[in-house]
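I have placed the structure first, in the form of structure tokens, so that the comments after it can refer back to it.
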Amino acid sequence: MTVVVKIPTQLRAAAGGEAETQIDGAATVREVLDGLFDRHAELRVRIADDDGALRRFVNVYLAGEDIRFLDGLATPVADGAELTILPAVAGGC
Amino acid sequence: MAVSHLQCKECRTEYPLEALYVCERCFGPLEVAYDHSGWITTSAGGTRDVGELRRRIQGGPQNIWRYADFLPLAGGPPGPSGRLASRVGLPAGCTPLIRADRLAAQLGLREVWVKNDAANPTHSFKDRVVSVAVARARELGFQTIACASTGNLANSVAAHGAALGMDSYVFIPADLEEQKVLATGVYGTKLVGVKGSYDDVNRLCTELCAERDWAFVNINLRPYYAEGSKTLAFEIAEQLGWELPDRCVVPIASGSLFTKIAAGFREWTELGLIENPSRPLPRMNGAQAEGCSPVASAFAEGHDVCRPVKPDTIAKSLAIGNPADGPYALELARDTGGSIDAVSDEEIRAGIALLARTTGIFTETAGGVTTAVLAKLAARGDIDPDERVVLVITGEGLKTLDAVRGSFETSTIEPTLAAFESEVADTVNV
């Protein structure tokens, strides 16, 4: 089971310059993020709070769908899925 | 008095005045900080020279660049000189503030003013924010402007690109109102209809922003863009004789406009430009459509963050299900003793009709939302009859004609006096 994680420009410096990375063996969004944090520890404090929840200005999309419309961090991930992390502070009027 | 730096609204980390919009440390939004010390330092007489600052504003052009001291441009107003600022691009602002006594009477209120921002070059308040963002984009050396839009922003970005000879890319939900699509494409922009909601468009553009060297006015230029909304507050205060209203009713999509109007009032109060600077900020009432009311729902439930929704409303210009400034809008409404309310599509149509029939102003669905929320607040008894209320109308009714289709009847007659007398005369007041 491999999930592709797309990393926003604002976090790439904390991710060794990677624009995307692959996480293996994760069954849920939370496990994908844990795998990402294991690889790049600095990312954890940037996008998660002390309780492990996502910071309020972080949006995570699984195959283009906001995970808050799915089961949040507990959402199951399929092999080959794409997880995108983006700033919430964009767009609008 | 000058723009100083960008600063994270959450953790206060400072950044240079570049095309940045997110804090790398905490992902919070960046906003523009100013150094107004040249004006607020007391003079030899020990008082602020408010009169000089007011005269400086009043001597400026009849557009938003009269407020250039409070806008995030490093080089001052665009154009060959400040005096020529009104001839560059598509000058926005200086829209009418109209006393609406018939609307007030209908609602049992005494003093209601309508800020009619449909009177901008592309007929919505978006010309304010786009003017500022594009001016800053040019200072930063961008050749191409772009946006994710629910329609009004599309019109404005396409028009500003044409006016300034810049390439533009405009991304909209593919099912947008026909009038807004036509009023964008006509300017020769590269128009992209995205199969999905505005939030899908926004996500795509946020990803694209990292791949292209473009100025997305409401993404990587967002800190500068958002500042343009403050000019609505400045104008309202100036038009009321350097006073603040008691209450403002403002539409909420992302919440940026709502919060920046209050920021403008606060900035001028702190500088002493407002009469009676010890008075509190106006009560801020936010207006949403029930079919897309994540901020109103969070307000009603006492939450400080918004749960995103899938929009389903005729008020497409407010159809942002994932509002970026939602938490700040909630905070503002609570801090000022205001509220955030939602109205149904039926109430929105009634709001459009109420405004049209009592003021002669034809607004789009977003203005129907705002007017309907004002009516709701009045009916609920939230507004003291002696309050001075400002209703912010952000867009033009001709852009959302479907909302009024079938809302009235037309008499069709033969061209004879007899036909008029028999079929029409009895139905109208003579």
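With both residues required to sit in the protein assembly as shown, DSSP beta bridges show an antiparallel share near 45%. With helices as the sole contributors, chain A gives -6000 deg cm²/dmol at 222 nm; each DSSP H run of n ≥ 4 counts as -39500 (n - 2.57), and the sum is divided by every residue. A simple rule links phi to the HN-Hα coupling: the Karplus curve 6.51 cos²θ - 1.76 cosθ + 1.60 with θ = phi - 60°, which for the stretch B:402-417 gives 4, 5, 10, 4, x, 8, 7, 10, 10, 7, 10, 10, 5, x, 9, 4 Hz, with x for Gly and Pro. Between 0 and 90 degrees, rounded to the nearest ten: what's the tilt of helix B:256-270 against the longest Cα principal axis of chain B? It works out to around 60 degrees.
Put the Cα centre of the stretch B:177-191 next to the Cα centre of the stretch B:7-26 and the gap is 34 Å. What residue among A:VAL29, A:LEU54, A:THR2 has its Cα farthest toward the positive end of the dipole of the stretch A:2-87, where the charges are +1 on Lys, Arg and -1 on Asp, Glu, each on the Cβ? My answer, from the dipole projection, is A:LEU54. The local environment of B:PHE408, defined by Cβ-Cβ distances under 12 Å, has a net charge of +2 under the rule Lys, Arg +1 and Asp, Glu -1. Taking amide hydrogens as placed 1.01 Å from N in the peptide plane, the amide H of B:SER339 sits under 5 Å from those of B:MET284, B:ASN285, B:GLY286, each at least 5 positions away in sequence or on another chain.
A simple rule links phi to the HN-Hα coupling: the Karplus curve 6.51 cos²θ - 1.76 cosθ + 1.60 with θ = phi - 60°, which for the stretch B:290-297 gives 4, x, 7, 10, x, 7, 4, 5 Hz, with x for Gly and Pro. For B:SER254, the residues 5 or more places off, or on other chains, whose built amide H falls under 5 Å of its own are A:CYS93. Per-residue HN-Hα couplings for the stretch A:13-19, Karplus 6.51 cos²θ - 1.76 cosθ + 1.60 at θ = phi - 60°, whole Hz, x for Gly and Pro? In residue order, the calculated couplings are 5, 7, 10, x, x, 6, 8 Hz.
Taking a sphere under 12 Å around the Cβ of B:THR144 and counting the other residues whose Cβ falls inside, with K and R at +1 and D and E at -1, yields a net charge of +1. Of the peptides B:388-398, B:407-417, the ranking by mean beta-carbon count within 10 Å, highest at the top, reads B:388-398, B:407-417.
On the basis of the beta-carbon distance and an R0 of 45 Å, B:PHE420 and B:GLU243 show a calculated FRET efficiency of 0.35. Highest mean first, the peptides B:281-291, A:68-78 sorted by other C-beta atoms within 10 Å per residue fall in the order B:281-291, A:68-78. Close amide H partners of B:VAL22, meaning residues 5 or more places away or on another chain with modelled amide H under 5 Å apart, are B:LEU30. Taking beta carbons within 10 Å but only from partner chains, what does the mean come to for residues B:24-33? Taking the mean over all residues of the peptide, I get 5.
Throughout, read-outs are computed from the coordinates displayed, never taken from laboratory work. Model, not experiment: these values are computed from the prediction. Quick reminder, even Gly has a Cβ in these numbers, built from the backbone with ideal geometry, and neighbours come from all protein chains shown.
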